Structure formats: structure tokens, C-alpha cells
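Enquirer: This structure is in C-alpha cells; I'll ask about it shortly.
The values are calculated or read from the model by the stated rules, or taken from the named source; none is laboratory data. Being a predicted model, the structure only gives us computed values, none of them experimental. Note that we place each Cβ from the backbone using ideal geometry, even for glycine, and neighbour counts take in every protein chain shown. Only protein heavy atoms, including side chains, enter the accessible area calculation; ligands, DNA and RNA are left aside. Shrake-Rupley method; radii C 1.70, N 1.55, O 1.52, S 1.80 Å.
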Amino acid sequence: MKIPFVDLHAQYLSIKEDIDQAIATVIAESAYIRGRFVAEFEKKYAETYGVKHCVSCADGTSAIYIVLKMLGIGPGDEVITTANTWIASSETVTQCGARPVFVDVEEDFYNIDADKIVAKITPRTKAIIAVHLLGQPAQIDKIKAICDVHNLLLIEDCAQAHFATYNGQRVGTFGVAGTFSFYPGKNLGAYGDAGAIITNDDELAKRCKIFASHGASPVNKHDHVMEGINSRMDGLQAAILLAKLPHIGDWTQKRQAVAKRYNELLQGNPHILSLPVVRENASHVYHVYSVRVKNRDKMQAHLNANGVATSIHYPTPLPFLQAYRYQENEPADFPIAWRNHKEMLSLPIFPEMTDEQIQRVAQVLSEA
Ligand SMILES: *Cc1c(COP(=O)(O)O)cnc(C)c1O
């Protein structure tokens with residue numbers, strides 16, 4: 001039995017009629033770029049999140065860039081983020097002309113360690129990008145309190161955490177803005193690239209929308225009130241996301257059920273150093289189910305040889321990527337991220353995963 005890391009086709013088949021209909025309607029109306037489906041998606045997404053604005057854009061990376069840029073982050077500024085995330089969370093800081101400053105991760109939750117943030121704040125620090133990695137909320141109340149005390153902007157990268165909550169509040173609504181990716185493999189995935197920004201700040205929403213569309217004035221598209229970029233959501237992606245949005249609650253529960261089953265089956269496995277732990281008062285939406293294992297590379301090869309696809313989130317912590325060599329970061333400054341990158345292994349997880357598939361993964365893990 002071969003077990004894929006994610007199975008996008010299984011999900012398509014489960015809602016095929018709705019998706020096919022959505023795509024056909026967009027084509028019938030030639031509503032390819034922006035248009036009514038995009039407007040409707042923005043409205044629904046903002047409503048679902050209980051926020052005033054959703055500004056759609058081309059992908060989750062430009063969502064972060066647009067927000068940073070419209071918040072005025074620029075040369076001379078520093079933006080704090082986590083040592084373990086996808087490079088989108090930090091390359092966008094550099095794209096604004098600012099410097100990303102990395103903070104080590106927590107022992108148990110793989111997110112930025114709030115207790116290590118204050119030591120990295122300087123007079124140049126302007127913002128914190130909190131990433132809710134793997135689908136687990138970061139310690140966002142504490143991070144927000146730090147931002148309040150030090151007068152910093154809080155941006156939440158929710159690319160892996162659609163509809164995750166902390167103290168009953170959805171992540172993405174704690175800071176000035178939350179950014180989302182709808183990359184196909186994400187918990188809410190389009191059939192291509194797509195992204196969005198959510199915010200309750202009227203002025204920020206307006207500026208982001210203008211910037212994402214070549215700086216064109218909302219009332220006269222040939223009147224460019226600033227220079228912007230081209231970062232638009234396709235009508236097809238919006239229609240597909242609209243068809244998928246009603247299912248996200250069910251899909252999230254199914255991911256959580258897969259995680260629960262893994263926890264039961266993997267408990268006591270001698271190769272495993274740690275299973276995922278859920279933060280108190282948080283809901284984990286399991287974009288990724290990552291364990292720490294002994295001899296990780298050998299275990300990954302063993303799983304692969306037995307038809308189980310796996311991944312690593314991420315093989316190199318950001319401070320040690322070639323792109324950040326200029327920062328001369330030392331492993332001793334990021335002990336947990338440094339330890340984790342050699343031990344973390346992400347197992348297959350997707351809502352449509354069958355119990356047979358879950359059992360097979362657990363079995364192969366125990367036979368190593
Ligand atoms: C996927 C991802 C992004 C970027 O999203 P794209 O849509 O691929 O540009 C940003 N941050 C994190 C943590 C991600 O996982």
C-alpha cells in the first residue's frame with residue numbers, strides 16, 4: 001500500500017460536482033481575474049472570520065509582503081520572526097528593505113518562544129510576525145502583550161493555521177492583520193496559487209487593496225495613487241475556494257481525528273522522541289503532523305522504502321540557510337530549532353485518510 005503525504009485528488013472526488021460547477025460558471029462568465037467570485041470570496045471569508053475586511057491577493061507570500069509594505073516597514077527597520085518557518089515569513093521582510101531577526105522556538109510546540117523575544121528587541125524593531133506553524137497557534141496572547149508594551153505591530157502568518165483558535169479566538173484576529181495562503185496543499189487549498197489578508201483596520205485594508213492592484217485608485221483605475229504590484233486572485237481560485245469553504249470545519253475535524261489516531265497508535269513507539277502536544281486553550285488544525293524521531297534520516301528512508309511519503313518542516317532552520325549567512329547565526333543561539341531540524345519528521349495527514357492508511361503508517365514506523 002502506497003500512502004501519499006497528501007491526497008488532493010481524494011478531496012476533489014468528494015466534492016467533484018460542486019467544483020466542476022464552480023469552474024464551469026467562471027468560464028461561462030469569463031470572470032478570470034478578480035470579478036464577482038473574488039468579491040464574494042472576500043466577503044464570505046471576512047464574515048466567517050468575523051472581521052471587517054478580507055483583501056485577496058495572488059498568494060500567501062505576497063499577502064505578508066503587502067501588509068508589511070503598507071504598514072510602512074522599510075530600510076533600517078527590524079522585524080522579529082521565528083527560526084522555524086517557511087522562508088516566506090522572512091524573505092518578505094527583506095523585500096521591504098528591512099532585516100529579519102530570528103528567535104528560537106519553544107520546546108514543545110515548534111512556534112516562536114515568546115520568552116526569548118524581548119532579548120531581540122532593539123530601537124529598530126518595528127514588528128513581530130508570529131507564525132502559527134504546523135496548524136498550532138503560537139503563544140499569541142503573550143506575543144501580543146509584548147507588542148503592546150514595546151509598541152510593535154503584530155502580524156500573524158496563518159498560512160498553516162486556517163480556523164485554528166486560541167482562547168476561543170481565531171488566530172489571524174489578534175494582531176493588526178492575519179495573512180493566509182491557499183496553496184493547494186494548505187488546509188484550505190485552491191487549485192493554484194491564492195492568498196488573502198484579513199484585518200479590522202479600514203485604512204490598512206484600503207491601502208493593501210490598492211497596492212495589490214498597481215496602486216490603482218478604487219474609483220478610477222487609471223488614477224494610480226501610488227506604485228504597487230500585481231497580486232490578484234483568479235476568479236477560478238475564488239470560485240473553488242467558495243465551494244470548499246463550507247467544508248473546512250469538517251475537514252479540520254477529520255485532520256484532528258487522524259492526529260488523535262496517530263497519537264494512540266504511536267504511543268510507546270521506541271523510535272519516537274515526542275508526539276505533537278497541543279497548547280492549553282488552543283485548537284491545533286494539524287496542517288502538519290510532525291513527530292521527533294531517533295535516527296530521523298534512516299527512519300525517513302525506511303518509510304519511503306515501504307511506500308509511506310513523509311516530509312520535513314523544515315530541513316534547515318531559517319537562520320542557517322545560505323540566504324542568511326550574512327547574519328552569522330550560531331546554533332548555540334537557536335538550540336531548540338537546531339535540535340528539532342535533525343529530529344522532526346512529518347507524517348502523511350489529510351482529511352480523507354482512512355484508518356487502514358493510518359494503521360499502515362504506524363506499523364511501518366514500529367517495524368523500523
Ligand atoms: C505556505 C506558506 C506561506 C506562503 O504561502 P504561498 O501561498 O506559498 O506564497 C507563508 N508562510 C508559511 C508558514 C507557509 O507555510
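Enquirer: Mind listing just one residue for me: the one in segment 1-37 that is surrounded by 14 or more Cβ atoms within 10 Å (Cβ to Cβ) and modelled with pLDDT under 95 and, of those, farthest from residue 186 (Cα to Cα)?
Expert: For segment 1-37, the residue satisfying everything is 35.
Enquirer: Further question on the same structure: Could you tell me which of the residues 314, 286, 326 is hydroxyl-bearing (Ser, Thr, Tyr), open to solvent by 40 Å² or more (accessible area, probe 1.4 Å) and outside the structural domain of residue 142 (by TED's automatic domain parsing)?
Expert: Values: 314 fails: open to solvent by 40 Å² or more (accessible area, probe 1.4 Å); 286 fails: open to solvent by 40 Å² or more (accessible area, probe 1.4 Å).
Only one candidate passes the filter, namely 326.
Enquirer: When you check residue 59 against the structure, is it over 18 Å from the mean Cα position of the chain (by Cα) and not hydrophobic (A, V, I, L, M, F, W, C), yes or no?
Expert: Details: over 18 Å from the mean Cα position of the chain (by Cα): no; not hydrophobic (A, V, I, L, M, F, W, C): yes.
It is false that residue 59 is over 18 Å from the mean Cα position of the chain (by Cα) and not hydrophobic (A, V, I, L, M, F, W, C).
Enquirer: Where residues in segment 52-75 are assigned to a loop (DSSP other than H, G, I, E, B) and within 14 Å of residue 155 (Cβ to Cβ), which of them is farthest from the ligand (Cβ to nearest atom)?
Expert: Applying the first criterion (assigned to a loop (DSSP other than H, G, I, E, B)) to segment 52-75 yields 52, 58-59, 71-75.
Filter once more, keeping what is within 14 Å of residue 155 (Cβ to Cβ): 71-73.
Numbers: 71: 17, 72: 21, 73: 16 Å.
Residue satisfying both the conditions and the ranking: 72.
Enquirer: If I filter segment 314-330 for residues that are under 29 Å from residue 13 (Cα atoms), touching a Pro at 6+ places or on another chain (Cβ under 7 Å) and touching a residue at least 60 places away in the same chain (Cβ under 8 Å), do I get at least one hit? Spell out how you get there, then give the answer.
Expert: We begin by selecting, within segment 314-330, every residue under 29 Å from residue 13 (Cα atoms); these are none.
Among the residues of segment 314-330, not one is under 29 Å from residue 13 (Cα atoms), touching a Pro at 6+ places or on another chain (Cβ under 7 Å) and touching a residue at least 60 places away in the same chain (Cβ under 8 Å), which makes the answer no.
Enquirer: Next up: Give all pairs with beta carbons closer than 8 Å in which a residue from segment 187-204 that is over 16 Å from residue 43 (Cβ atoms) and away from the ligand (no atom under 12 Å from the Cβ) meets a residue that is assigned to a loop (DSSP other than H, G, I, E, B) and aliphatic (A, V, I, L, M); count only pairs at least 6 apart in sequence or on separate chains.
Expert: 201/176; 204/71; 204/176
Enquirer: If a residue has to be assigned to a loop (DSSP other than H, G, I, E, B) and either open to solvent by less than 30 Å² (accessible area, probe 1.4 Å) or within 12 Å of the ligand (Cβ to nearest atom) (or both) to count, how many in segment 174-186 make the cut?
Expert: In the first step, residues of segment 174-186 are kept if they are assigned to a loop (DSSP other than H, G, I, E, B); the result is 174-176, 182-186.
Add one more test, that the residue is either open to solvent by less than 30 Å² (accessible area, probe 1.4 Å) or within 12 Å of the ligand (Cβ to nearest atom) (or both), and what stays is 174-175, 182-186.
Number satisfying all stated conditions: 7.
Enquirer: Please pick out the residue among 225, 219, 258 that is among the aliphatic types (A, V, I, L, M) and at pLDDT below 95.
Expert: 219
Enquirer: List pairs: first residue in segment 1-29 and more than 20 Å from residue 288 (Cβ to Cβ), second residue of a type in the set (Asp, Glu) and open to solvent by 50 Å² or more (accessible area, probe 1.4 Å) anywhere in the structure, Cβ distance under 9 angstrom, at least six positions apart or on different chains.
Expert: That search, which allows pairs on different chains as well, returns 1/356; 26/234.
Enquirer: How many residues does segment 153-168 hold that are over 13 Å from residue 287 (Cα atoms) and surrounded by fewer than 21 Cβ atoms within 10 Å (Cβ to Cβ)?
Expert: From segment 153-168, those over 13 Å from residue 287 (Cα atoms) are 153-157, 165-168; that's our starting set.
Okay, now just the ones that are also surrounded by fewer than 21 Cβ atoms within 10 Å (Cβ to Cβ), so 153-154, 165, 167-168.
Matching residues across segment 153-168 total 5.
Enquirer: Go through segment 76-94 residue by residue and tally those that are part of a strand (DSSP E or B) and touching a Lys or Arg at 6+ places or on another chain (Cβ under 6 Å). Spell out how you get there, then give the answer.
Expert: The initial filter retains those residues of segment 76-94 that are part of a strand (DSSP E or B), namely 78-82.
With touching a Lys or Arg at 6+ places or on another chain (Cβ under 6 Å) added as a condition, the list becomes 78, 80.
Selection size over segment 76-94: 2.
Enquirer: Does segment 188-199 include one or more residues that are under 21 Å from residue 107 (Cα atoms), open to solvent by less than 10 Å² (accessible area, probe 1.4 Å) and not in a loop (DSSP other than H, G, I, E, B)? Write out each step before concluding.
Expert: Step one: list which residues in segment 188-199 are under 21 Å from residue 107 (Cα atoms), which gives none.
Looking for residues that are under 21 Å from residue 107 (Cα atoms), open to solvent by less than 10 Å² (accessible area, probe 1.4 Å) and not in a loop (DSSP other than H, G, I, E, B), one finds none in segment 188-199, hence no.
Enquirer: Anything in segment 142-166 that is on the phi > 0 side of the Ramachandran plot and more than 19 Å from the chain's Cα centre (by Cα)? List them, or say none.
Expert: The answer is 151, and nothing else.
Enquirer: Among residues belonging to segment 217-247 that are in a loop (DSSP other than H, G, I, E, B) and closer than 30 Å to residue 21 by Cβ, point out the one that is most open to solvent (accessible area, probe 1.4 Å).
Expert: Keep residues of segment 217-247 that are in a loop (DSSP other than H, G, I, E, B), which gives 217-223, 225-229, 231-233.
With closer than 30 Å to residue 21 by Cβ added as a condition, the list becomes 231-233.
Working: 231: 3, 232: 89, 233: 0 Å².
That would be 232.
Enquirer: Among residues belonging to segment 108-144 that are open to solvent by 50 Å² or more (accessible area, probe 1.4 Å) and assigned to a helix (DSSP H, G or I), point out the one that is farthest from residue 181 (Cα to Cα).
Expert: For segment 108-144, the residue satisfying everything is 119.
Enquirer: Return the total of residues in segment 43-55 being surrounded by 19 or more Cβ atoms within 10 Å (Cβ to Cβ) and more than 19 Å from residue 171 (Cβ to Cβ). Quick ask: steps written out before the conclusion?
Expert: Taking segment 43-55 and keeping what is surrounded by 19 or more Cβ atoms within 10 Å (Cβ to Cβ), we get 45-46, 49, 51, 53-55.
In the following step, the residues that additionally are more than 19 Å from residue 171 (Cβ to Cβ) were identified as none.
Going through segment 43-55 one residue at a time, the tally reaches 0.
Enquirer: How many residues does segment 146-170 hold that are within 12 Å of the ligand (Cβ to nearest atom) and of a type in the set (A, V, I, L, M)?
Expert: Going residue by residue through segment 146-170, those that are within 12 Å of the ligand (Cβ to nearest atom) are 155-162.
Adding the requirement that they be of a type in the set (A, V, I, L, M) leaves 155, 159, 161.
Residues that pass the stated criteria total 3.
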